[in-house]
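In what follows, a single structure is set out as structure tokens and then discussed.
The values are calculated or read from the model by the stated rules, or taken from the named source; none is laboratory data. Given the structure is predicted, the values throughout are model-derived calculations rather than measurements. Ligands, DNA and RNA are excluded from the accessible area calculation, which covers all protein heavy atoms including side chains. Shrake-Rupley method; radii C 1.70, N 1.55, O 1.52, S 1.80 Å.
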Amino acid sequence: MRVADDDDDALADRAFEAGMAAGLDPQEETGRTGETAVTHVSSPWNHRLCTTCGQSFRRGDPVRVGDGGAAGSGVAPDDVAHLDPALVCAAGPGEEPEGPGGHSTDSTASTEFAAGVLATWPPVDGVPVAPLTADDWQVARPAVHGARPPRCLYCAHTFRAGEHVVLCPCSPASPACGAAVHRDPAAGLVCWESWRPEGRLKICPVKLVAVRE
Ligand SMILES: [Zn+2]
Ligand SMILES: [Zn+2]
Ligand SMILES: [Zn+2]
């Protein structure tokens, strides 16, 4: 029957559109508790630090949304954790994270890949680029009460073990400065080139003193 066919078509169209909308906007799925989600620019936890690993949440980070994270519930999203196995919060208490912060074979592959990209695309003027290890103080750690982890001067995100950075040359070993900017195209982080396209830092952005060239 013609009318019924039309109705079926309309229903199918609506179902398709709803499916497309959900597929294009995973944020839709964060309205319920205890679910996984992908961090968006509008995620309620976007500007918070993970209470477990101390890292910021970047766009595209898969997370687990806890009971307090229901979007639109009016409850603070105080229970959101990363799902990246390279971070402490995903590995679970007492376990070693995988990847650059841990000791899996993946870390070797990603380190070699990053070294290859660095060799192919070195920074302008030979600016030194250093990989951060889990022991470097710039790498954010599980929150110590009131402590604020260092952040990239360009993207304002925290630093993760294994990421390559340019350190302010005024006093790179000293927490008095230690200002750092991501320079890790292999990880999609070109903060240094975006911040200083000319490849130089003349004034320390923290101590406001001239940097020796
Ligand atoms: Zn985390
Ligand atoms: Zn950055
Ligand atoms: Zn400095």
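Ranked from largest to smallest solvent-accessible area, with a 1.4 Å probe on the protein heavy atoms, Trp195, Trp137 come out as Trp137, Trp195.
Accessible surface ranking for His164, His47, His40, 1.4 angstrom probe, highest first: His47, His40, His164. Counting only protein heavy atoms and using a 1.4 Å probe, the accessible area of Ser110 comes to about 50 Å².
Counting only protein heavy atoms and a 1.4 Å probe, region 107-195 has 51 square angstrom of accessible area per residue.
Accessible surface ranking for Asp61, Asp79, Asp135, 1.4 angstrom probe, highest first: Asp135, Asp79, Asp61. Ordered from longest to shortest, the equivalent ellipsoid semi-axes for region 107-195 are 22, 15, 11 Å, each the square root of 5 times a Cα gyration tensor eigenvalue. Arg58 contributes about 30 Å² of solvent-accessible surface, heavy atoms of the protein only, 1.4 Å probe.
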